[in-house]
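To start, the structure itself, in structure tokens.
The values are calculated or read from the model by the stated rules, or taken from the named source; none is laboratory data. Being a predicted model, the structure only gives us computed values, none of them experimental. FYI the Cβ positions are ideal-geometry reconstructions off the backbone, even for glycines, and counts take in every protein chain you see. Note: accessible area is taken over every heavy atom of the protein model, side chains too, but ligands, DNA and RNA are not part of it. Shrake-Rupley method; radii C 1.70, N 1.55, O 1.52, S 1.80 Å.
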Amino acid sequence: MSELTFEQMLEDTIKTIHSGDVVEGTVIDVKTDEIVLNIGYKSDGILTKNEYTNDSSVDLTAVVKPGDVMEVKILKVNDGEGQVVLTYKRLAADRGNKRIEEAYNNREVLKASVVQVLEGGLSVVVEEVRVFIPASLVSDTYEKDLNKYMGQEIEFVISEYNPKRRRYIGDRRQLITARKAEMQRELFERIQEGDVVEGVVKNVTDFGAFVDLGGADGLLHISEMSWGHVEHPRKVFRIGDTLRVLIKEINGSKIALSLKFEDENPWRDAADKYAIGNIVTGRVARMTDFGAFIELEPGVDALLHVSQISKEHVEKPADVLNVGEEITAKIVDFNEADRKISLSIKAMAASSSMRDETDEDVTVDIDAVITAQTEDEAQ
């Protein structure tokens, strides 16, 4: 029997490799553009930066060090110079592709960071596999600027899986829609009319403000923003404001809100404060041709009819009054049921005249009495 040569014995201890095999290797050296690995073969394996990752900004010396053990895939057994060409990213992509397939079949929620913002959507990477999320599937509302998502970790599901065309589509919108539906269900289970809840102003319009209650939006109509007059919602609220609101009405999925709390109702003790004959001071809030509306306090307005402004003839309130001007007048009518109060400056002037006439009469009488007493004493 012939004895084996040293070379033959060495070859017997060296494993056989083929293109496509997955092998384990130990990092021998790390350079800026390649990694050298001992894969148990007669030649070392070379893993270039391009075959390590798709991210050109990665510094190999920062992520890999000698002694690290890696699984790699054989691309070529001999590159022409006796070296074995390896790939890491393609192995990761194969595994990533399998991961994507499983997530697609199981409707699994994936999480990944946005690595690129494109004109038509977002790009994320799942285990070296790029997944595209179209702009229409990023959110349940129109997103004008997608740049805010750059670098952000987001959740999504795979809505389309086509490995032959390398087409992997992610969908974030359906997750948001499903979560909002669940939050809405939970919200309607715990709230009822009359509750006071906290919400955040989501949008402000000419007729009111929409308040996010955490699962559904409620409408705070301009007429329910204050017991007083509100000129425009945007002068009172801004998007992002936090409010404590009263749930006034629930009608199906619609929620009507109010800031007119009953314990703050200015009409609760109005009968005493604004009884007929009382003299009050208020501010001219607005004017019409037939009179001026005087704000006595927020939520309580009174009408000063044009005929009650002065003893002199007044054609229009604007001829003698200005919005914002403070006036003093007498309550001449109070209707609590209809919440109507009528004022009169003329009546107050008339009362003053009567007092003046009464004071003059009293003065004359007193003088007469004093004169009579003096004459009696002289006699």
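Values computed for the structure shown
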quantity	calculated
Qualifying residue in the range 207-225 (condition: within 30 Å of residue 102 (Cα to Cα), among the small types (Gly, Ala, Ser) and outside any loop (DSSP other than H, G, I, E, B))	no
Top-ranked residue of the range 272-300 - restricted to ones that are part of a strand (DSSP E or B) and in contact with a His (Cβ under 9 Å, 6 or more places away or on another chain), ranked as surrounded by the fewest Cβ atoms within 10 Å (Cβ to Cβ)	286
Selected residue (criterion: least open to solvent (accessible area, probe 1.4 Å)) from residues of the range 58-79 that are in a loop (DSSP other than H, G, I, E, B) and in contact with a Phe, Trp or Tyr (Cβ under 9 Å, 6 or more places away or on another chain)	64
Residue that is most open to solvent (accessible area, probe 1.4 Å), among those in the range 180-200 that are within 14 Å of residue 246 (Cα to Cα) and not charged (D, E, K, R)	192
Unique match (being in contact with a helix residue (DSSP H, G or I) (Cβ under 7 Å, 6 or more places away or on another chain) and either modelled with pLDDT under 95 or open to solvent by 30 Å² or more (accessible area, probe 1.4 Å) (or both)) among 96, 82, 151, 120	120
Odd one out for residue 207, checked against (1) aromatic (Phe, Trp, Tyr); (2) open to solvent by 80 Å² or more (accessible area, probe 1.4 Å); (3) out of contact with any helix residue (DSSP H, G or I) (no Cβ under 7 Å at 6 or more places or on another chain)	(3)
Some residue of the range 255-267 being of a type in the set (Lys, Arg) and open to solvent by 60 Å² or more (accessible area, probe 1.4 Å)	no
Residue in the range 244-254 that is surrounded by the most Cβ atoms within 10 Å (Cβ to Cβ), counting only those that are touching a residue at least 40 places away in the same chain (Cβ under 8 Å) and over 20 Å from the mean Cα position of the chain (by Cα)	248
Qualifying residue in the range 176-183 (condition: closer than 20 Å to residue 100 by Cβ and among the acidic types (Asp, Glu))	no
Single condition residue 2 does not satisfy, out of (1) at pLDDT 55 or above; (2) farther than 17 Å from residue 89 by Cβ; (3) among the polar types (S, T, N, Q)	(1)
From 97, 105, 147, residue being farther than 28 Å from residue 180 by Cβ and of a type outside the set (Gly, Ala, Ser)	97
From 200, 204, residue being on the phi < 0 side of the Ramachandran plot, touching a Phe, Trp or Tyr at 6+ places or on another chain (Cβ under 9 Å) and modelled with pLDDT of 95 or more	204
Residues of the range 304-322 that turn out to be among the aliphatic types (A, V, I, L, M), more than 13 Å from residue 280 (Cβ to Cβ) and part of a strand (DSSP E or B), as a count	0
Residue among 356, 361, 367, 376 that is open to solvent by less than 90 Å² (accessible area, probe 1.4 Å), modelled with pLDDT under 90 and over 22 Å from residue 278 (Cβ atoms)	367
Members of the range 226-260 that are closer than 14 Å to residue 203 by Cβ, in contact with a Gly (Cβ under 8 Å, 6 or more places away or on another chain) and not in a strand (DSSP E or B)	233
Hey, residue 136 among the small types (Gly, Ala, Ser), surrounded by 10 or more Cβ atoms within 10 Å (Cβ to Cβ) and under 23 Å from the mean Cα position of the chain (by Cα) or not	yes
Test: residue in the range 216-239 that is free of Cβ contacts under 8 Å to residues at least 60 places away in the same chain, at positive phi and not polar (S, T, N, Q)	no
Where a residue in the range 261-277 is at pLDDT 90 or above and its partner, wherever it lies, is of a type in the set (Asp, Glu) and not in a loop (DSSP other than H, G, I, E, B), with Cβ under 7 Å and at least six apart	276/333
Some residue of the range 152-163 being touching a Ser or Thr at 6+ places or on another chain (Cβ under 9 Å) and without any contact (Cβ under 8 Å) to a residue 40 or more places away in the chain	yes
Among residues of the range 123-138, those that are part of a loop (DSSP other than H, G, I, E, B) and either at pLDDT 95 or above or hydrophobic (A, V, I, L, M, F, W, C) (or both), counted	1
